[in-house]
């Protein structure tokens with residue numbers, strides 16, 4: 001009698017290979033995805049690879065703050081000689097700066113080549129004239145209770161900006177209209193959206209996410225458990 | 001007179017519909033979290049996030065509960081059917097779909113838990129977790145679209161929906177699509 005071949009376990013094999021492949025992608029997923037999106041980069045402006053442009057919108061409260069150009073103000077106060085309350089028109093009349101930088105989120109996604117336009121903090125400091133004891137800057141969001149801090153030195157890094165335009169258009173609501181902080185060297189949670197106030201304080205403290213365990217100095221690739 | 005043959009047990013059908021219901025709920029809440037336009041329109045992110053997380057936990061728990069309280073021996077028999085990628089009661093496409101979705105369930109659950117834990121503790125934070133969770137969603141969505149087309153629209157196959165709702169399918173239909181299964185059933189194999 002011919003010997004019966006053992007039944008092949010294709011189903012189990014497929015299941016295990018898929019699970020193992022998926023779990024191992026925790027080690028290689030991001031870099032492979034990076035290569036894929038780079039390879040299709042030129043075509044992506046015509047047919048986006050993902051429908052979100054790579055962005056995800058994170059908020060901490062029930063609804064996003066609105067923006068009324070007539071009533072909106074940016075209060076800059078604290079340890080300064082001359083506190084100011086900037087209208088939107090006044091803000092737009094300050095020297096305009098532009099930059100193209102990559103936005104990194106601490107959860108792992110990035111958006112390369114974002115075109116920002118806005119105001120350098122040094123130009124705002126020229127208006128308010130910080131006192132010598134001002135060592136930290138508190139950025140207050142209209143999305144309460146979101147705040148975050150930079151040191152005075154960090155706030156003057158080359159690509160730090162108060163951005164009112166993104167990719168050639170006024171900052172959209174979900175990205176923090178009308179004004180957000182941009183510090184590309186740090187993860188997104190430091191890039192406070194819906195800015196309504198800037199307070200100069202003696203030193204930087206823990207912001208919203210830092211109080212939940214995130215690093216205060218959120219350097220991309222060198223903080224929050226990541227090392228590059 | 002139309003004759004019917006039993007295709008899916010009560011446990012199999014319960015498992016399928018619990019899975020489908022939870023999947024649709026997770027897909028809806030997940031897309032609100034993922035797509036900026038929906039995020040703006042709906043808002044309430046903290047609430048949607050909680051709903052998404054707890055429906056994920058419920059998904060896995062309910063599947064385990066149905067399997068434990070249902071016909072376990074029957075489910076093991078189904079699992080053995082899935083081992084051989086030939087056409088019996090199920091065809092190869094259906095088997096591959098079921099196996100891939102089962103492994104995706106594990107991967108969705110693990111990557112979702114890692115996203116949740118990573119927000120609380122850097123030891124659970126990996127740069128690729130979000131790529132895995134999103135990638136699974138895109139592939140699962142493609143499989144779902146194909147599955148829905150065959151189960152609801154395609155004239156030759158849509159009768160199979162009756163098997164997953166009432167448990168039985170027409171014998172003449174089964175004889176065309178699954179001849180080996182029908183003859184095996186008739187001979188008592």
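The values are calculated or read from the model by the stated rules, or taken from the named source; none is laboratory data. Remember, it's a predicted structure, so these values are computed and weren't measured experimentally. Here the Cβ positions follow ideal geometry from the backbone for every residue, glycine too, while neighbour counts run over all protein chains shown.
Among the helices (runs of 4 or more DSSP H) confined to segment B:90-189, the ones with at least 1 residues that are within 14 Å of chain A (Cβ to nearest Cβ) are located at B:92-118, B:129-148.
Taking residues in segment A:54-74 that are facing chain B (nearest Cβ under 7 Å) and within 24 Å of residue B:134 (Cα to Cα), and partners anywhere that are modelled with pLDDT under 95 and in a strand (DSSP E or B), the pairs with Cβ atoms closer than 7 Å and at least 6 places apart or on different chains are A:55/A:111.
Every residue, every condition in (1) in contact (Cβ under 8 Å) with a residue 60 or more places away in the chain; (2) over 15 Å from the mean Cα position of the chain (by Cα); (3) within 30 Å of residue B:1 (Cα to Cα), yes or no:
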residue: B:95; (1), (2), (3): no, no, no
residue: B:102; (1), (2), (3): no, no, no
residue: B:121; (1), (2), (3): no, yes, no
residue: B:162; (1), (2), (3): no, yes, yes
residue: B:181; (1), (2), (3): yes, yes, yes
residue: B:187; (1), (2), (3): no, yes, yes
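Would you point out which residue out of A:51, A:69, A:65 is within 22 Å of the chain's Cα centre (by Cα), modelled with pLDDT of 75 or more and assigned to a loop (DSSP other than H, G, I, E, B)?
Working: A:51 fails: modelled with pLDDT of 75 or more; A:69 fails: within 22 Å of the chain's Cα centre (by Cα).
The conditions single out A:65.
Looking only at residues in segment B:44-68 that are surrounded by fewer than 17 Cβ atoms within 10 Å (Cβ to Cβ) and within 13 Å of chain A (Cβ to nearest Cβ), the one that is nearest to residue B:116 (Cα to Cα) is B:50. Applying the set (1) modelled with pLDDT under 95; (2) surrounded by 15 or more Cβ atoms within 10 Å (Cβ to Cβ); (3) more than 12 Å from every other protein chain (Cβ to nearest Cβ) to residue A:2 leaves exactly one unmet item: (2).
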